[in-house]
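**Student:** Structure incoming, see below.
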Amino acid sequence: MTANPTATDDPCPDTIGNLPVPPASLHNIRSNSNGQTTVLGIEGSANKIGIGILRYDPHQQTYQTLSNPRKTYIPPTGQGFLPKETAWHHQNHIVPLIRAALQEAFPNHQHPDESMMDFKNEISAICFTKGPGMGAPLRSCAVAARTLAKLWDVPLVGVNHCVGHIEMGRMATGASDPVVLYVSGGNTQVIAFSDGRYRIFGETIDIAIGNCLDRFARVIGLSNDPSPGYNIEQEAKDPNARFIELPYVVKGMDVSFSGILTFVEQEVKQKLDKGIVTRADLCFSLQETLFAMLVEITERAMAHCGQNQVLMVGGVGCNRRLQEMMGDMVKQRGGSLCSMDHRYCIDNGAMIAQAGILALQHGETTDMKDTWCTQRYRTDQVEAIWRPATVWKHT
């Protein structure tokens, strides 16, 4: 058993409005002696490499994360993470992480470090991030996924990274049909489900919010450990921080962050060293402005779709100030906010396992020849075959 357990949550009941789960035998899915289906998920689309093992119990109709270890590539202060170095990081850590995940998920195996063949009868499929993301890290993880699939003679399931976030969020919070705000280093989207797919109602027209925050953190010299966005959040909590008016760019249902970043970078160059503003002033003002933009377009999507529930996913989604602002808006509308902490908001293997097992249970796998990765893979390209193809009605 690993020293620090990575999966301590109770099983999640399958009560979020998905289609009934077919018996494993219908699609020739390997199950254990108790009829349970267990998958291993591999996530490595950016600077985090994560392995998640997740089990479905048909008798209890629950999904449970058995293990979810991950490692983060943290570049030096003032630098971002580049594809080549990030891929090297993932290649160095993926095998130890797989062993750690297996050891935690199956503690009764006596010698998990000696042979991975011991787990052949435990795993039903290998799920991996097909995209979107950084090319070299994605390919590194796909190679590992193919190797395990061959080793254990199990099918592969390619997963859309964005859909992985959504399905993990739905299962963890019990949100059946929410408006989704997906905010991370590479994506900013407002999403709602309609007619079998997750439809994008609004998004960034240039850079993602996480990228904006990361680049600003580099300008003011904040550390990348544990993450630039987290360190901005801590700076912004200074009770003496003053609000500075910044550009506010909402274009219909879309947002733009690049101009705001340029403006605040100029504020740093012209006023920070002179003491006219402080780092806390800038961090507080940037957060308040960017988050207000996100709240506005999310509220508009709620009104358009007639929904009263919001689910926040992605790394930026665990920011407490964003959760507070979104919660205030949702409460005023008589709705509810579904949010998570860093365990499931930030990229992790269990979210890939969750989306992958849903696809697997409804007969969808990925042929070996189609296990290529792509840096561009939009959320609305995926047909969510595990959900009823309902159509929202404009209210």
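The values are calculated or read from the model by the stated rules, or taken from the named source; none is laboratory data. Computed from a predicted structure; not experimentally measured. Every residue, glycine among them, receives a Cβ derived from its backbone with ideal geometry; neighbour counts consider all protein chains shown. Heavy atoms of the whole protein, side chains included, go into the accessibility calculation; ligands, DNA and RNA do not. Shrake-Rupley method; radii C 1.70, N 1.55, O 1.52, S 1.80 Å.
**Student:** Return the residues of the range 157-174 that are surrounded by fewer than 24 Cβ atoms within 10 Å (Cβ to Cβ) and closer than 19 Å to Leu19 by Cβ; say none if nothing qualifies.
**Tutor:** If the condition is that a residue be surrounded by fewer than 24 Cβ atoms within 10 Å (Cβ to Cβ) and closer than 19 Å to Leu19 by Cβ, then Gly174 is the only one that fits.
**Student:** What strands (runs of 3 or more DSSP E) completely inside the range 170-252 contain at least 3 residues that are over 17 Å from the mean Cα position of the chain (by Cα)?
**Tutor:** 197-203
**Student:** Okay, next question. For the structure I just gave you, tell me whether Arg199 is in contact with a Gly (Cβ under 6 Å, 6 or more places away or on another chain), surrounded by fewer than 22 Cβ atoms within 10 Å (Cβ to Cβ) and touching a residue at least 24 places away in the same chain (Cβ under 8 Å).
**Tutor:** Taking the combined requirement at face value, the residue does not satisfy it.
**Student:** Right, here's the next one. Applying the selection to the range 4-24, what residues are in a helix (DSSP H, G or I) and farther than 11 Å from Pro58 by Cβ?
**Tutor:** Within the range 4-24, no residue meets the criteria.
**Student:** OK, next. Can you tell me how many residues within the range 290-304 are of a type outside the set (Lys, Arg) and open to solvent by 10 Å² or more (accessible area, probe 1.4 Å)?
**Tutor:** Here the count works out to 6.
**Student:** Suppose the filter is within 25 Å of Glu364 (Cβ to Cβ), touching a Cys at 6+ places or on another chain (Cβ under 9 Å) and in a helix (DSSP H, G or I); does Ala144 pass it?
**Tutor:** No; evaluated as a whole, the condition is false for this residue.
**Student:** Another one. What is the residue count in the range 327-346 for residues that are within 27 Å of Gly133 (Cα to Cα) and in contact with a helix residue (DSSP H, G or I) (Cβ under 7 Å, 6 or more places away or on another chain)?
**Tutor:** Final tally of qualifying residues: 8.
**Student:** Here's a check for you: in the range 276-288, which residue that is open to solvent by less than 10 Å² (accessible area, probe 1.4 Å) and in contact with a Phe, Trp or Tyr (Cβ under 9 Å, 6 or more places away or on another chain) is farthest from Leu213 (Cα to Cα)?
**Tutor:** By that ranking, first place goes to Asp281.
**Student:** Give the residue, chosen from Asp195, Asp206, Asp225, Asp153, that is at pLDDT below 95 and out of contact with any Asp or Glu (no Cβ under 7 Å at 6 or more places or on another chain).
**Tutor:** Asp195
**Student:** Quick one: Val154 ticks every box in (1) in contact with a Ser or Thr (Cβ under 8 Å, 6 or more places away or on another chain); (2) surrounded by fewer than 24 Cβ atoms within 10 Å (Cβ to Cβ); (3) closer than 28 Å to Gly335 by Cβ bar one, so which box is it?
**Tutor:** Condition (3) is where Val154 drops out.
**Student:** Hey, among the residues in the range 19-34 that are of a type outside the set (A, V, I, L, M) and touching a helix residue (DSSP H, G or I) at 6+ places or on another chain (Cβ under 7 Å), which one's surrounded by the fewest Cβ atoms within 10 Å (Cβ to Cβ)?
**Tutor:** Ranking the qualifying residues of the range 19-34, first place goes to Pro22.
**Student:** Now for a different question. Tell me which residues, restricted to the range 212-242, are of a type in the set (S, T, N, Q) and free of Cβ contacts under 8 Å to residues at least 40 places away in the same chain.
**Tutor:** Asn231, Gln234
**Student:** Could you tell me whether any residue of the range 36-45 is free of Cβ contacts under 8 Å to residues at least 60 places away in the same chain and either touching a strand residue (DSSP E or B) at 6+ places or on another chain (Cβ under 9 Å) or surrounded by fewer than 23 Cβ atoms within 10 Å (Cβ to Cβ) (or both)?
**Tutor:** Yes.
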